[in-house]
Structure formats: C-alpha cells, structure tokens
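The values are calculated or read from the model by the stated rules, or taken from the named source; none is laboratory data. This structure is a prediction, so every number in the text was calculated from the model and none was measured. Using ideal geometry, Cβ is built from the backbone for each residue, glycine included, and neighbour counts are taken over all protein chains shown. Just so you know, the surface numbers come from the protein's heavy atoms only, side chains and all, with ligands and any DNA or RNA stripped out. Shrake-Rupley method; radii C 1.70, N 1.55, O 1.52, S 1.80 Å.
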2 protein chains.
Amino acid sequence: MLDRVRRLVLSGGFSPGAPLSEVFLAQEFDVSRTPIRETLKQLQHEGLVEIRPKVGTFIREPTRREIVELFQLKESLEGLAAGLLARRGSVPELGVLEHNIEESDRAAVDQDATRYAALVHEFHRTIITGAENSKLVEHYDRLMNQLAYHRLVLRTAEHPGRIRASTGEHRAVLTMIRDKDHFGAEAAMRNHVHASAREVLTDARTAPVELSS
Amino acid sequence: MLDRVRRLVLSGGFSPGAPLSEVFLAQEFDVSRTPIRETLKQLQHEGLVEIRPKVGTFIREPTRREIVELFQLKESLEGLAAGLLARRGSVPELGVLEHNIEESDRAAVDQDATRYAALVHEFHRTIITGAENSKLVEHYDRLMNQLAYHRLVLRTAEHPGRIRASTGEHRAVLTMIRDKDHFGAEAAMRNHVHASAREVLTDARTAPVELSS
DNA sequence: CTAACGTTTGATGCATGCAACAGCTTCTGG
DNA sequence: CCAGAAGCTGTTGCATGCATCAAACGTTAG
C-alpha cells in the first residue's frame, strides 16, 4: 500500500500543492480510508507530503533552500559510500561500474538522455549498495525520494556538455575505488556530486545558487 | 501521540524484543487503537520497532553490525555539520560551544558522568543545528533515535579517561570552526566521532570491532 | 460597497466492530 | 512417549460511522 501511494505521488501525475484526499485515494486503490491514512502519515514522515491537520494532505514541493540542503547531504552520503566501497577487500562491483560507464558513454554519443539518466542512477546506486551499509541505503533512499529525482535530473540530462563532464567524473571515482584509495574516492565522489548539484540547481531555475565555497 | 509513544520506547522501560500490543498502548494513553496503529507504523519507519504482520509490534534491538553502520553515518553527518558551521559567515554558536566545553571540563573533574553526557549531547546538537541545514537535522535525529543514545553513551561516560580525551577533541573541533577552517573542522569532528564510536563499541561488549581503518 | 458574521460543506480524527490469521495448546493415533 | 493435526486465543488488518473542525460561501448590517 505504501509503495503504491508513494509511486503515485512520485509519478508526477499531480502537481505540487495538489490535495490528496483520503477518500479519493481510498477509491483509487479500492480500500478504506484507514490504510490510506496510515500511508499518508508515513509519507509525511518521508517529507513527500504535508498534512495540515483537519484540512488535508498536499503534495509537498521542496523549497529551493531545501533542495540545496538535500544536495549537501547527498554529497556527504555518496562520499561516504565511495570511501567505504574503496575500503572493501574485494570489490565485485568494479565490473558492473566499468560496464555502466561504457554504456553511459554510448548513450551520451547517441544523445539518449533518458537512457543516460537511468545509467547514471544505476551507477550511483551500485556504489551506495556496494558500501554494504544498510542504514546508509535507507537514508539515501529517503533523501532521493525527497529530491524527486526524475523531475530535476531528467531535465539536466538533456545537456550534452553535462553528459561528458559527468562520465569523466564517474571514471575518476571508479579509478580511485579500483586503487583502493578511499580518501581519493570520497573526494572524487563529493566533487562529482557537488558539480552535478550545481548544474541541476543553476539549470532548474534562473536564480543564482551558493551551494558552498 | 507519536512523541509520547516514542518517548515510551526510548525510555528503556521495555527490554528489546518486548511486544508492544496495540490495545495495551491504547489503554496506556487512553485513546483508541487507530492513532496507536498510525504511530507504530511511523516508529517502524524510524527503525525503532519491528512490526511482524498479523503477529505484533516489538521493540527493535539494533544488531552490532547496524550499530557500526549507524556510527559510520554519524561520523559522516557530524563531519558535514562541522564543516558547514565553519563555513558560515558569523557563528553565534561559538560562545555557547565554548561555555559548553568549560562546563564539560568541570563535570569531568567532578566525575559527574550524567551531567557530562548531557553536555556532550548538547555540544554535538549545537553543531548540528548550527549548520543551518534542516534536512541534516532530520536525518541526524533519526539516526540518534536508532542509536538509542542513552543506553550506549551513558555507559561510556563513566570512564574518566574517555572524558578527558573527549573534551580535548571537542576543543580541536571548536578551534577549527573558530578559524573558519571547514576542511579541518570536518576532519576533527570525524576523528572525534570515530574515536568515540570505537570507545563505545569496544566498551559495550567484549567482541572486537573493526569500524574501519 | 465593504466588512463582519453565521451557515454550509467537505474534509479529517478517532472510536468501534468484525474478519482473518499466527502461534500456542491440546487432543489423538501410533 | 511422541508426532502430527485440530482448535483456541490473542493479535492485527481493515471497514465504517460519527464527531469535529477549517475554510469557503452567502448574508446582512453599517
């Protein structure tokens, strides 16, 4: 139930601020209001919706400031993941990551933005899960849900210049992991996420952003 | 409602694995099962309890591995916070932190472990909130809830040796923040959390721990 | 015309009741 | 004495109904 409602919210079918009536969702999923209510409370806890008591539930649009905050967190968490992965004894993910970058390159020259975005997502997620820290995965997922990934990133993926820079940064991260340089891997990943965040934030709107330094 | 039940769980009145019956909690707080159910679902999402479908809700004891994972995250998040704080233009928290360390020193010489632990907690929390990143605060709170702070840390605070080392590390962090050395502040904080985690983990049980490097 | 007020409406908040199921207990056949 | 099955019990899962309240609307006095 939770996943189904979450998917509905993240699908983008509703514009931010749109009301999510309990009775509507109940009819939509053919259940009673009770399980819907439980679900909405959890989604509120995830930051995806806002429940105004006695009024209703609304899809939450993160403010620009919150997006900056989320990217700061993303940078930290992904850096941690890359470092942990580089520290592991054997890293069976290396092959997957290598293959992913090759595919990404191909998608880049084909200008296939959708496929490229999917590959980038897979690259990052492979590193997160490869860190073998289940709590990190939980926090990361939570983070990415709030970032409403698709809306922001898919738009960015349409820029060819960004595509090239991104695969280069991915290669840098991969090299550090292969060399078991956990300090370098963390730095490379943080640099990559930082650059990517700056790109997304300057692209998404016109207002200037200070992400930090 | 959520806070009340959470406090009850964190109070330590129930041993890990103890069942949390909905009807019991409903009577305890003099409400019906419905709001209790909603609350438990959220606490499950926070990782504090485990809901076995059709069976019941139980207080969740994190495994040793999960505690290690949580400390890895803690190190990363607190490092981020210290760095962000050091980057801020003006840092009004400096006075509070300075005062806190002085009080901590006093509590240390008095061997007042409880007061010392409270001050340490306040020190860390001041830095977290001082980073001015609301999402970071959310994730941090979530993290600390799962760590069942009191149980692990209060025990550690009883070691005088650790007390002295800890205030020293606190001072190092504070100095870096005052100097606006965000790189150093992050490193100092991570070092401090790492050492503290190692202390807690080796103290809590007898088994050896590899936190990382 | 405007501002304040009462009314209406639509939603949530919660209590309650029933069905369904996991796990334990007990009974029975060997 | 033991293994397996049947039922028993306590719990959750969910539907439903009523009370409550916020916001919108219309009404009326000034």
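B:GLU78 meets all of the listed conditions (1) open to solvent by less than 20 Å² (accessible area, probe 1.4 Å); (2) among the charged types (D, E, K, R); (3) within 16 Å of DNA strand D (Cβ to nearest atom) but one, namely (3).
Residue under question is A:GLU98, and the condition is that it be charged (D, E, K, R), over 28 Å from B:HIS45 (Cβ atoms) and either open to solvent by 20 Å² or more (accessible area, probe 1.4 Å) or away from chain B (no Cβ under 14 Å) (or both); does it hold? Talk me through it step by step, then tell me what you get.
Details: charged (D, E, K, R): yes; over 28 Å from B:HIS45 (Cβ atoms): yes; either open to solvent by 20 Å² or more (accessible area, probe 1.4 Å) or away from chain B (no Cβ under 14 Å) (or both): yes.
Yes.
Do we find that A:GLU22 is among the charged types (D, E, K, R), modelled with pLDDT of 95 or more and open to solvent by less than 50 Å² (accessible area, probe 1.4 Å) in this structure? Against the criterion (among the charged types (D, E, K, R), modelled with pLDDT of 95 or more and open to solvent by less than 50 Å² (accessible area, probe 1.4 Å)), A:GLU22 qualifies. Note on the stretch A:8-19: among residues that are exposed (fewer than 15 other Cβ atoms within 10 Å of the Cβ) and under 25 Å from B:SER134 (Cα atoms), the one that is farthest from DNA strand D (Cβ to nearest atom) is A:GLY12.
Being more than 16 Å from B:GLN146 (Cβ to Cβ) and β-branched (Val, Ile, Thr) holds for only one residue in B:THR114, B:THR63, and it is B:THR114.
Identify all residues within the stretch A:104-138 that are within 10 Å of chain B (Cβ to nearest Cβ) and buried (at least 21 other Cβ atoms within 10 Å of the Cβ); write none if there are none. Before you say what the answer is, go through the steps one by one.
At the first step, the residues of the stretch A:104-138 found to be within 10 Å of chain B (Cβ to nearest Cβ) are A:131-138.
Result: A:ALA131, A:ASN133, A:LYS135, A:LEU136.
Checked across the stretch A:27-49, the condition of being away from chain B (no Cβ under 14 Å) and either in contact (Cβ under 8 Å) with a residue 40 or more places away in the chain or closer than 19 Å to A:ALA131 by Cβ (or both) holds for no residue. For A:GLU22, the conditions (1) without any contact (Cβ under 8 Å) to a residue 12 or more places away in the chain; (2) over 30 Å from B:LEU84 (Cβ atoms); (3) of a type in the set (Asp, Glu); (4) within 14 Å of another protein chain (Cβ to nearest Cβ) all hold with the exception of (1).
The single condition among (1) closer than 27 Å to B:THR129 by Cα; (2) under 23 Å from the mean Cα position of the chain (by Cα); (3) more than 8 Å from chain B (Cβ to nearest Cβ) that A:GLU69 does not meet is (3). With respect to B:GLN27, is the statement that it is open to solvent by 60 Å² or more (accessible area, probe 1.4 Å) and either at positive phi or within 13 Å of DNA strand C (Cβ to nearest atom) (or both) true? Considered against the rule, which asks whether it is open to solvent by 60 Å² or more (accessible area, probe 1.4 Å) and either at positive phi or within 13 Å of DNA strand C (Cβ to nearest atom) (or both), B:GLN27 comes out as yes. Take the residues of the stretch B:48-67 that are buried (at least 16 other Cβ atoms within 10 Å of the Cβ) and of a type in the set (A, V, I, L, M, F, W, C): which is farthest from DNA strand D (Cβ to nearest atom)? My answer is B:ILE67. Inclusion of B:GLU93 among residues that are within 30 Å of A:LEU147 (Cα to Cα), away from every other protein chain (no Cβ under 14 Å), modelled with pLDDT under 95 and open to solvent by less than 70 Å² (accessible area, probe 1.4 Å) is warranted.
For the stretch A:6-21, a residue qualifies if it is within 16 Å of DNA strand C (Cβ to nearest atom) and in a helix (DSSP H, G or I), and the qualifying residues are A:LEU8, A:VAL9.
Cβ-Cβ contacts under 8 Å between residues 6 or more apart (or on different chains), taken from a first residue in the stretch A:74-95 that is under 19 Å from B:GLU78 (Cβ atoms) and not assigned by TED's automatic domain parsing to the domain that holds A:ASP181 to a second residue that is surrounded by 24 or more Cβ atoms within 10 Å (Cβ to Cβ) and at pLDDT below 95, are absent.
With the requirement that a residue be in contact (Cβ under 8 Å) with a residue 40 or more places away in the chain and farther than 26 Å from A:ASP179 by Cβ, what does the stretch A:117-143 give you? Full working, then the answer.
Step one: list which residues in the stretch A:117-143 are in contact (Cβ under 8 Å) with a residue 40 or more places away in the chain, which gives A:117, A:120, A:123-124, A:127-128, A:130-133, A:136, A:139-140, A:142-143.
Within the stretch A:117-143, A:ALA117, A:HIS139, A:ARG142, A:LEU143 meet the criteria.
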